[in-house]
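S.K.: Here you go, one structure.
The values are calculated or read from the model by the stated rules, or taken from the named source; none is laboratory data. Model, not experiment: these values are computed from the prediction. Reconstructed Cβ throughout: ideal geometry from the backbone, glycine too, with neighbour counts over all protein chains shown.
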Amino acid sequence: MSGLVVAMDGPSGSGKSSASRGVARALGLRYLDTGAMYRAVTWWMLQRGVDLADAATIAARAGEPALTVGTDPDSPGIAVDGADVSGPIRGSEVTGAVSAVSAVPEVRRRLVDLQREIIAAALPSGGIVVEGRDIGTVVAPDAPVKVYLTASAEARAVRRTAELAGTTVEAQRAAMARRDALDSTRTIDPLAKAADAVELDTTPLDLDEVIAEVLRLVKERT
Ligand code: C5P
């Protein structure tokens, strides 16, 4: 049995993480948060004092951090060099820096290889739901189910503000617009909807409705 891959792409705040974890739980699949991997490498670079404008050094050191990536949808977790960084990678410093690090080709090559290994390892036990920006286009172009989640800028900013302490909808809207612009205009593997992905606007939907719609697609396509 080859196992199922569900590719979930979309911009920040589109509801990818909650929906992906919910779908993985419902189907008894593994779950991979590729954004957490880019965040973990970014955290490592910041810890080492690497200048974010220095793409050559980021490229040269891209292979140094050793990542351990959890795939349990209930508690995925991620460690760098053996230390759990699940909390620190969500901080504003990493969030503000991650687009610069994820635009470096050597970083992407290394993480895409690792993502494909994790996906291959999950197939014998049934499969995996993978969320990111380039899953349907680059990481798993043969995935039988590809979803591209969107939501209005307002809805995305409101959701993100509810998740974070000490911020405002306006600040989040500006921060997300900046990150999405960087992620979708970089030259290598930009945020993009795969030609065969189904676009799902989550603005009017609650989480259960988004999960139900993805489960319906899985049923239809498998
Ligand atoms: O999904 P999340 O917001 O945690 O992703 C953080 C960042 O990681 C994105 O803004 C993007 O720069 C990068 N990323 C990426 N490719 C992916 C997943 C995330 O470039 N597949």
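S.K.: Exactly one of these conditions fails for R116: (1) within 10 Å of the ligand (Cβ to nearest atom); (2) at pLDDT 95 or above. Give me its number.
M.R.: Of the numbered conditions (1) within 10 Å of the ligand (Cβ to nearest atom); (2) at pLDDT 95 or above, the odd one out for R116 is (1).
Yes/no matrix, rows are residues, columns are (1) crowded, with 23+ Cβ neighbours inside 10 Å; (2) more than 26 Å from V218 (Cα to Cα):
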position: A24; (1), (2): yes, no
position: D54; (1), (2): no, yes
position: A59; (1), (2): no, yes
position: V69; (1), (2): no, no
position: V80; (1), (2): no, yes
position: D84; (1), (2): no, yes
position: G91; (1), (2): no, yes
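S.K.: Among the listed residues D180, D201, which satisfies the condition of being at negative phi, more than 11 Å from the ligand (Cβ to nearest atom) and either crowded, with 16+ Cβ neighbours inside 10 Å or modelled with pLDDT of 90 or more (or both)? Even if it seems obvious, please write down each step before you answer.
M.R.: Working: D180 fails: more than 11 Å from the ligand (Cβ to nearest atom).
The conditions single out D201.
S.K.: So which residues in segment 78-95 are in contact with a helix residue (DSSP H, G or I) (Cβ under 9 Å, 6 or more places away or on another chain) and either within 10 Å of the ligand (Cβ to nearest atom) or in a loop (DSSP other than H, G, I, E, B) (or both)?
M.R.: So the first thing to find is which residues in segment 78-95 are in contact with a helix residue (DSSP H, G or I) (Cβ under 9 Å, 6 or more places away or on another chain), and the list is 78-81, 85-86, 88-95.
Correct list: D81, V85, S86, I89, R90, G91, V94, T95.
S.K.: In addition: Failed condition for M8, given (1) closer than 30 Å to A155 by Cα; (2) within 16 Å of the ligand (Cβ to nearest atom); (3) of a type in the set (A, V, I, L, M, F, W, C); (4) assigned to a helix (DSSP H, G or I), with all others met?
M.R.: (4)
S.K.: How many residues does segment 163-222 hold that are within 25 Å of P73 (Cα to Cα) and assigned to a loop (DSSP other than H, G, I, E, B)?
M.R.: 13
S.K.: Name, by its number, the condition in (1) surrounded by fewer than 21 Cβ atoms within 10 Å (Cβ to Cβ); (2) in contact (Cβ under 8 Å) with a residue 12 or more places away in the chain; (3) in a loop (DSSP other than H, G, I, E, B) that does not hold for P73.
M.R.: The number of the failed condition is (1).
S.K.: Another question, if that's okay. Only one of (1) surrounded by fewer than 20 Cβ atoms within 10 Å (Cβ to Cβ); (2) under 13 Å from the mean Cα position of the chain (by Cα) fails for G132. Which number is that?
M.R.: With respect to (1) surrounded by fewer than 20 Cβ atoms within 10 Å (Cβ to Cβ); (2) under 13 Å from the mean Cα position of the chain (by Cα), G132 is out only on (1).
S.K.: I would also like to ask the following. For segment 158-177, give me the residue count where each residue is modelled with pLDDT of 90 or more and either under 22 Å from A100 (Cβ atoms) or of a type in the set (D, E) (or both).
M.R.: Number of matching residues: 8.
S.K.: Residue by residue through segment 125-135, note down the ones that are outside any strand (DSSP E or B) and within 20 Å of A26 (Cβ to Cβ).
M.R.: S125, G126, I135
S.K.: Given (1) within 16 Å of the ligand (Cβ to nearest atom); (2) surrounded by fewer than 18 Cβ atoms within 10 Å (Cβ to Cβ), identify the lone condition not met by V101.
M.R.: (2)
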